[in-house]
Every structure is written in structure tokens, then in C-alpha cells.
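Here's the structure we're looking at; comments come further down.
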Amino acid sequence: MDTYLGESLFSKRLKNGLQVYVMPKKDYNKIFAMYSTRYGSIDSEFIVPGTGEHLKVPEGIAHFLEHKMFEMEYGNVFDKFSELGASSNAFTNYTNTTYLFSATSYFEENLKLLLEFVETPYFTEPSVEKEKGIIAQELRMYEDEPEWQVLLNLLKCLYHNHPVRIDIGGTVESIQKIDVDTLYKCYNTFYHPSNMVLFVIGCIEPEMVFKLVERDENTKALYPQGDIKRIYPEEPTNVHKSTHTVCLDVTEPLFLMGFKDVDVGYDGLPLLKKEITTEILLEIILGRSSEFYEKLYEEGLIDNRFSFNYEGQKDYGFCTIGGETRDPDKLHKELIKSISHSIETGIDFKDFERVKKKCMGEFIQNFNSLEFIAAAFVSYHHKNINIFDYMNVLQDITLEDVTKRLNSFFDLSKHAVSIVMPK
């Protein structure tokens, strides 16, 4: 397919259900590949397809599984990628786990290695026990990480029951319950090709990628599986707690305010529209060209690290606003004042037009980065969104859409505050 941005995207669904996408970029000498499963930290309770078995697994197992996948019977996969001149990595977030590599040579060998290690689970009791110690140490380290703690505590304030309130890595206690049998059950459920996507971008011929992957996948004799029924606890619309403060080794207080989105339960284009509308709204009210930012920056209440973000998924959504500040209470009051003022006076059409053009420009500019395209494509794919619909949806958003979102999303009863104070 040809896209709005003049890019060409080629796709093929294999017999086993795996969706493969290739985007040729002739002017680049680097190739970037991502192999991703729609399996993240919030997927701790589910029905196993084909068996009807109801499983509730320990928190943090998706992240644990990601760590274990790099171990093969012959040793560590990172070393193999290095020998082939490639850089490799992986990450787990709330909703998916992704494995990737970038390389300028030996593409076929690197792609075969990516497919091989992600599709070959190798778990032993001694290695699982060893990993528990490594991840427990990692979790304890994050207990002293101010930026992570301020976000984690905010999510614990916003949510009563939803697993997004739990650390992606789980807890020191929960990972002790992980065993080899449970790892294999999770792997066989979520690492099935039907639940995965492979995206390749760079100076590459699509047909070559399809043939290589198809040849590899046909040796596995797997067939598409049914949908995985994911089970999440019932979540009240109100926030769990209005504020949370901890003391850590910081030189200046760290402040984060969040709003809980209760307009959830859908994905695809409606989710994309909501996401872009919210981003436009936040930029108008709090962006660097806003009166709010200019005033508070001049007063020294915020600095250039002040930021905001919206995280929208089918089953949850929230925004975060904040940064370092000398006076968290005053910043909180100023934010409430600015949001309330916007609700009372409405959004200026000129501001709306300006920010909309800014969003278009940034999106087009980001297409100079292979890493951005791959990460955004895969992230949106897991939400049943095609990244190339972004520009069309953005163009169709009206001032009325943004005003409606302003009045529905910024409900002060749905907000909470997390603060990290110096010891």
C-alpha cells in the first residue's frame, strides 16, 4: 500500500497467523527489525485458547519471560548478534513485549537469529532461580529511582484494581512464585504467531523478507489460534487516592499530576482520534507556547524538563503532567487554575490551528527515524491502528472535538498527585 507520506508498506499474513510488514527505505543503509507480541505486564489473568483453562499468573511474569528469552542452550543471544555486527535489545511495557535489532550488514543471518531465539523457549529450573535474584535486585534498584517511583505512586493513586498500577517487573514477592511450568504456559499462549507481528524497515526487498520468514515459519507446523481472553478486574471510575508523597535522594521535589480516563473500552480509529485529540488539548493548555508555561517558567516554578503525556489503551487511559519544581503545592494549584480557566473560556481557534499544524510537522519529521517508525507502527498495531491513518485522523479533528474532550477528560474528581520530596 502507498501511504499519505509517500511511503510504501508491504504486508503478508502467513498460514500460522503471523502478520509480517516491510517498509523499504532505499536511502538508508541501516535495517531495523521488531518482533513483538501483544503481551504485557497487565496480562496476568487469562483463558488459554483451545483448553478453556483459567490462569492467574504472578505479576511481572511478562518481563521475566523477556529476560529469559535471550538464553539459549548454546548461550547468550546478545553475543551472537554482536558477532554479526548487530545491536539488539528488548523491552516489556504494560501491553506488549518487543524484541529488536538494527544492522548494516548480515541482515538475513540477523533476522534468522531474531526468529530463532524468540521462537525457541529454553527454561531450566536453575536458570529461573538465578533470574529471580537478578530481577529482585533490579526491582530494589527501582525503589530508589525517583522518576519511576513518582509515576508508579501516581498510578496507584489513580487505580484501585487495574494491573496498570503494578510495577511492570512485578514485586520481589510475586516473582518468587514464577516457575518453569508457568513460563511455558505463558509463552505458548502469548508467543503464538497469531498474537505477534514482525516489522522490518530499511534498505530491503519485501519479497526477500517474506520468503525468508515464510520458509522459517513453515518448519514449525503451527496453525492460527483463537483470541486470547484477557481478564481484568473491575475498576471503579473514581480515583483510589488523591495524593501520595515519599522522600528520596533528590535535590529538588518531583511532582506528577494525573487524570484518569474513564472513556475506555474501544480501540482502532476511535482510540486514535481520542489519543490525538488529547495530545492537541494538552499542548494548547500546557505546551511551551502557552501562557501557563511562560508564566510559570519565568517564576522559576517549572523548567524545561516540565512535560506531559497521554497513555491510551483499550482498557485504560491516563495523562501525566509535571516535572521538578521548588514548590509542588503551588504548581498543583497553578495547574488546576489553568485547566479550570480553559474550561471556562474555551479553546482559542488560532491556538487550535497552530498546535494542529505543529503535530503534523512533528509527525512528518519523525519519519526520518527508522526507530520511530518501527516503534510507532508496532505500538499502534497492537491497538488495531494503522500508523498511516494518523495524518487523516489528525486532519479531520475539529475545534469542537477538542472542546468536548476538554470538558469530559479534565474532571477534577478524577485527578491525583504524586510527589517525591528530598530526604
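General remarks:
- Paramagnetic label zone (point 7 Å from Cα along Cα-to-C-beta, E109; backbone N under 14 Å) in region 69-84: 79-84
- Taking the centroid of alpha carbons for each part, region 228-287 and region 316-344 are 13 Å apart.
- Protein accessible area in region 187-269, 1.4 Å probe - carbon and sulfur %: 53 percent
- Phi angles across region 275-282 convert, under the Karplus curve 6.51 cos²θ - 1.76 cosθ + 1.60 with θ = phi - 60°, into 3J(HN,Hα) values of 4, 5, 4, 5, 4, 4, 4, 4 Hz, Gly and Pro given as x.
- Centroid-to-centroid separation of region 68-89 and region 153-167 [C-alpha atoms, Å]: 34 Å
- Heavy-atom accessible area order for Y380, Y122, Y223, largest first, 1.4 Å probe: Y223, Y122, Y380
- Among the trypsin sites (Lys or Arg not before Pro) found in region 1-46, those both in a DSSP coil and sparsely packed, with 11 or fewer other Cβ atoms within 10 Å of their Cβ, are K26.
- Degrees separating the helix 349-366 axis from the principal Cα axis of the chain, which is the longest one: 20 degrees
- Exposure check, 1.4 Å probe, all protein chains in place: L113 carries approximately 10 Å² of accessible surface.
- Peptides 320-329, 264-273 ordered by average Cβ neighbours within 10 Å, highest first: 320-329, 264-273
- In terms of accessible area, using a 1.4 Å probe and ignoring ligands and nucleic acids, D249, D401 rank largest first as D249, D401.
- Aspartates and glutamates whose Cα lies under 15 Å from that of K220, excluding same-chain neighbours fewer than 8 positions away: E116, E119
- Tilt relative to the chain, helix 180-190 - C-alpha long axis, 0 to 90 degrees, to 10: 80 degrees
- GluC sites (Glu not before Pro) lying in DSSP loop within region 177-260, provided at most 14 other Cβ fall within 10 Å: E234
- Among the protein heavy atoms of region 281-423, carbon and sulfur supply 47% of the accessible surface, probe 1.4 Å, non-protein parts ignored.
- Filter on K56/K229; K132/K383; K356/K404; K274/K357; K12/K80; K80/K185 - keep pairs with C-alpha separation over 20 Å: K132/K383; K12/K80; K80/K185
- At full extension, T124 and T251 could sit 41.3 nm farther apart than now, given 0.36 nm per residue minus the alpha carbon distance.
- Of all accessible heavy-atom area on region 1-94, the percent that carbon and sulfur account for (1.4 Å): 46 percent
- Considering only alpha-carbon pairs that sit under 8 angstrom and 6 or more positions apart, the relative contact order computed for the chain is 23 percent.
- Estimated FRET transfer efficiency when R0 is 35 angstrom, pair S8-V48 (beta carbons, to 0.05): 0.35
- Remark: the chain carries 45 Å² of accessible area per residue (probe radius 1.4 Å; ligands, DNA and RNA excluded).
- Taking every C-alpha pair closer than 8 Å and separated by at least 6 residues, the mean separation divided by the residue count of region 201-314 gives a relative contact order of 23 percent.
The values are calculated or read from the model by the stated rules, or taken from the named source; none is laboratory data. In this text the structure is predicted, and so the values were computed from the model without any measurement. Cβ sites come from the backbone with ideal geometry, for glycine too, and all protein chains shown count toward neighbours. To get the accessible areas, we keep the full protein, side chains included, count just its heavy atoms, and leave off ligands, DNA and RNA. Shrake-Rupley method; radii C 1.70, N 1.55, O 1.52, S 1.80 Å.
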